[in-house]
């Protein structure tokens, strides 16, 4: 087993930054090796994968130093077309990577680009979609996919090319538990049968640590040698309970919800939601759980009025959200989608938060500084949000919503890209908001989040909304319709 890729004394600085984002990185990836990249949010994991994929500095600019080789040849000497057949990279944000409008077209796109013949393409399509149980989704529009299904579609498209090196950035962040096990089993098969080398940057370390041959730990842009026990300690696996107050939210009455809502996407042959009813109470944190594609994001979009129900009623503070102006809606309800880039347009983090204040004519700007401190964004206040890591952008987008102090807050996978310490601190902030009367609905796959934060746990299954009796993680004993 030889070295597939090597990096020697590699340092990189993004455009406009004063200090290196990665410094003096030396490492090797062997043929057929499974590598786990660990580290806190903003430590440089995504940047390292972009360098290994040949995207830096080609598409990001900046200053790259050191030597990088793939199969004994300098990475810079490979054409983009040559690299695309040998190195596959799954980004954290699937929206930016989708190209076509239908799942089967997306799966074939990479192979078509490289010039594979039709029989091979369709043989690979059957193999990969069978392994990942994707056949029922092949004709679905990519626009209507959940975040987890977009991620799974893109990963399948990359695997179908069968690259020599597979780079995955937070591939488990939007997958339900069954999909995680299924994906990891298939990656092991790819490694065993075809010798594919796999490098995964993740915060969900438990299952990956059992499969990885080696673990790289990044800290503030530098590679450090750590034992698994040290990495477990540094990534705060037990920080949830310690950082979350035990005081529950105070029920202050109904503020928003759905009443017997049914919804079905155009060109779909079955409804996503069936007579769903949900009352959101002031001062209460509700976690909404369910498998990938169950309809969690759809339910949130109904509450913000971007889609309308086929039947039933949706209201926020007694009004139909689809009839409200954008400014009126923003004062009543805050929505953090799975794509933080949707919110980020200003040149600096501080200006991004202040933009909300100006748009809604909020005169108390002390809230900006408070949120910068609470969300650990003060050192990044003058940085361009789009230059930040996924987890950092997630926090900036959240700050730009929280500054308006809306009475209803909807969060779609808010812990994606956050390390466990930041998750715990986010939980503390949300609990404080709930104690002040905010009604919070969180769509998530994160079991720890539901166990530690939720006053109520709801579960979407086959279009039906169910409620859990206790605050334990959802199991078999769902008790009734929400």
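The values are calculated or read from the model by the stated rules, or taken from the named source; none is laboratory data. Computed from a predicted model, the values in this text were never measured in an experiment. When we count neighbours, we look across all protein chains shown, and the Cβ atoms used for this are built from the backbone with ideal geometry, even at glycine.
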Exercise for the section: Evaluate region 145-155: report whether one residue or more is assigned by TED's automatic domain parsing to the domain that holds residue 102, more than 17 Å from the chain's Cα centre (by Cα) and either within 26 Å of residue 50 (Cβ to Cβ) or part of a helix (DSSP H, G or I) (or both). Expected result: no
Problem - Residue among 323, 331, 350 that is surrounded by fewer than 13 Cβ atoms within 10 Å (Cβ to Cβ) and in the same structural domain as residue 279 (by TED's automatic domain parsing) - result: 323
Practice task
Could you please find all residues in region 353-383 being over 22 Å from the mean Cα position of the chain (by Cα) and buried (at least 20 other Cβ atoms within 10 Å of the Cβ)?
Solution key: 356, 368
Exercise for the section: Looking only at region 132-142, decide whether some residue is under 27 Å from residue 37 (Cβ atoms) and either touching a helix residue (DSSP H, G or I) at 6+ places or on another chain (Cβ under 9 Å) or assigned by TED's automatic domain parsing to the domain that holds residue 443 (or both). Expected result: yes
Exercise for the section: Please go through region 315-344 and pick out each residue that is within 27 Å of the chain's Cα centre (by Cα) and over 23 Å from residue 396 (Cα atoms). Expected result: 316, 321, 322
Fill in the blank from the handout: Here the qualifying pairs (Cβ atoms under 6 Å; residues six or more apart or on different chains; first in region 445-461 and farther than 18 Å from residue 434 by Cα; second in a loop (DSSP other than H, G, I, E, B) and modelled with pLDDT of 90 or more) come out as 460/294; 460/295
Problem - Unique residue being part of a helix (DSSP H, G or I) and surrounded by 15 or more Cβ atoms within 10 Å (Cβ to Cβ) when the list is 125, 36, 120 - result: 125
Fill in the blank from the handout: The residue that is nearest to the chain's Cα centre (by Cα), considering only those in region 408-429 that are farther than 22 Å from residue 206 by Cβ and surrounded by 24 or more Cβ atoms within 10 Å (Cβ to Cβ), is 411
Practice task
Output yes when any residue across region 157-165 is under 30 Å from residue 450 (Cβ atoms), in contact (Cβ under 8 Å) with a residue 12 or more places away in the chain and crowded, with 19+ Cβ neighbours inside 10 Å, and no when none is.
Solution key: no
Exercise for the section: Hey, can you tell me all the residues within region 1-33 that are in contact with a helix residue (DSSP H, G or I) (Cβ under 7 Å, 6 or more places away or on another chain), modelled with pLDDT under 95 and closer than 21 Å to residue 88 by Cα? Expected result: 32
Practice task
Take residue 66 and decide whether it is in contact with a strand residue (DSSP E or B) (Cβ under 8 Å, 6 or more places away or on another chain), at pLDDT 95 or above, more than 22 Å from residue 196 (Cα to Cα) and not assigned by TED's automatic domain parsing to the domain that holds residue 348.
Solution key: yes
Practice task
Quick one: which residue in 95, 170, 112 is at positive phi and in the same structural domain as residue 43 (by TED's automatic domain parsing)?
Solution key: 170
Exercise for the section: Test each condition in (1) under 21 Å from residue 98 (Cβ atoms); (2) in contact with a strand residue (DSSP E or B) (Cβ under 8 Å, 6 or more places away or on another chain); (3) in a helix (DSSP H, G or I) for residue 136 and report the one that comes out false. Expected result: (2)
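Residue-wise test of (1) assigned to a helix (DSSP H, G or I); (2) modelled with pLDDT of 85 or more; (3) surrounded by 15 or more Cβ atoms within 10 Å (Cβ to Cβ).
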| site | (1), (2), (3) |
| --- | --- |
| 180 | yes, yes, yes |
| 200 | no, yes, yes |
| 212 | no, yes, yes |
| 218 | no, yes, yes |
| 229 | yes, no, no |
| 233 | yes, no, no |
| 249 | no, no, yes |
| 270 | no, yes, no |
Exercise for the section: Residue by residue through region 272-300, note down the ones that are within 22 Å of residue 433 (Cβ to Cβ) and surrounded by fewer than 19 Cβ atoms within 10 Å (Cβ to Cβ). Expected result: 279
Problem - Enumerated strands (runs of 3 or more DSSP E) restricted to region 376-482, each holding at least 3 residues that are more than 21 Å from residue 339 (Cβ to Cβ) and modelled with pLDDT of 90 or more - result: 456-461, 464-467
Problem - Of all residues in region 315-332 being without any contact (Cβ under 8 Å) to a residue 12 or more places away in the chain and outside any helix (DSSP H, G or I), the one that is farthest from residue 259 (Cα to Cα) - result: 325
